[in-house]
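The values are calculated or read from the model by the stated rules, or taken from the named source; none is laboratory data. Source: prediction; values computed, not measured. When we count neighbours, we look across all protein chains shown, and the Cβ atoms used for this are built from the backbone with ideal geometry, even at glycine.
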Amino acid sequence: MRRDWEVAIKWNIELFYLINHRRFKFLDRFYRYFFYMGKTYSLPIYFLLFYIFTGTSAFKHLIVSLIITGILMPTLKYIFRHKRPSSLLENVYLLEPVSLKSFPSADSGYVATIFAVSLFYGSLPLSIILFILMILVGYGRVYMGAHFPLDVITGYLFGVFSGLIGLYFLSYF
């Protein structure tokens, strides 16, 4: 095991192994398909949810915020160049092939951005659905062996930040 700043954080490794090593057939099957919900090509599903619950009022905010997330995440991955858990730890269960860098989790960031934007448009059912999806995507990233818990938490924080900055841009431009 190679030393790395994220590996040096004890709770991060312990939580990773706690989640990644608890194997359930149902979750293995579920996450083999559900992980697509954190990918950018699942955006039409989220756009449809926004349309159903908020009409078109949230679209501009959502698009601006997702563009911010789309710039932030690859930039941070390039800056930190953090390796995936399977490159740093032994006995990692991988449910999907992983590439590129790990920190922060872009999937978690995108879903958190969508959740954060939903909070501004008064649709409690939409926000609840998106919060559940956000938690499921984040948990799945660790369960599948693609990310450390800290990657997911940081992705959430930057996603919410993007939602707030998107609102700021819309109010001044």
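Descriptive notes on the structure:
- On inspection, Gly145 passes the criterion of being part of a loop (DSSP other than H, G, I, E, B) and either within 21 Å of Lys39 (Cβ to Cβ) or in contact with a Gly (Cβ under 8 Å, 6 or more places away or on another chain) (or both).
- Residues in segment 38-48 that are out of contact with any helix residue (DSSP H, G or I) (no Cβ under 6 Å at 6 or more places or on another chain), part of a helix (DSSP H, G or I) and either over 18 Å from Ser99 (Cβ atoms) or in contact (Cβ under 8 Å) with a residue 12 or more places away in the chain (or both): Thr40, Leu43, Pro44, Ile45, Phe47, Leu48.
- The set of residues in segment 107-142 that are over 19 Å from Leu43 (Cα atoms) and either outside any helix (DSSP H, G or I) or without any contact (Cβ under 8 Å) to a residue 60 or more places away in the chain (or both) comprises Gly122, Leu124.
- Condition met for Val152 (buried (at least 16 other Cβ atoms within 10 Å of the Cβ), in contact with an Asp or Glu (Cβ under 6 Å, 6 or more places away or on another chain), among the β-branched types (Val, Ile, Thr) and under 22 Å from Pro74 (Cα atoms)): no
- Pick from segment 79-106, criterion in a helix (DSSP H, G or I) and either aliphatic (A, V, I, L, M) or modelled with pLDDT of 90 or more (or both), ranking: surrounded by the fewest Cβ atoms within 10 Å (Cβ to Cβ): Ile79
- On inspection, Ser87 qualifies as farther than 22 Å from Leu43 by Cα and hydroxyl-bearing (Ser, Thr, Tyr).
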